[in-house]
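Each value in this text was obtained by applying a stated rule to the coordinates, not by laboratory testing. Source: prediction; values computed, not measured.
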């Protein structure tokens, strides 16, 4: 984890893993709400769509070839204006 609480990702595989985890949380919560909803309740249709689409997204992620997933992600340049450069002296 990075200092801001987001997962640290250095390869495409790490990124796909993080996205897969988020999709699992979304799908799991939608399934939980679906189980709690009464049959025929309006939100049930929307929750089924969320479940279906998160499964679809995971299946698309699974199409990424392993050799591609092992590639390193490009590093984003730091943005000193946002304070992300640890070597930049702070102004008093």
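Stick to the Cα atoms of the stretch 12-70, pair each with every other, and give me the Kirkwood hydrodynamic radius in Å at one decimal. Radius from the Kirkwood sum: 12.4 Å.
Short-range pairs are left out: with C-alpha atoms under 8 Å and at least six residues apart, the relative contact order of the stretch 12-70 is 50 percent.
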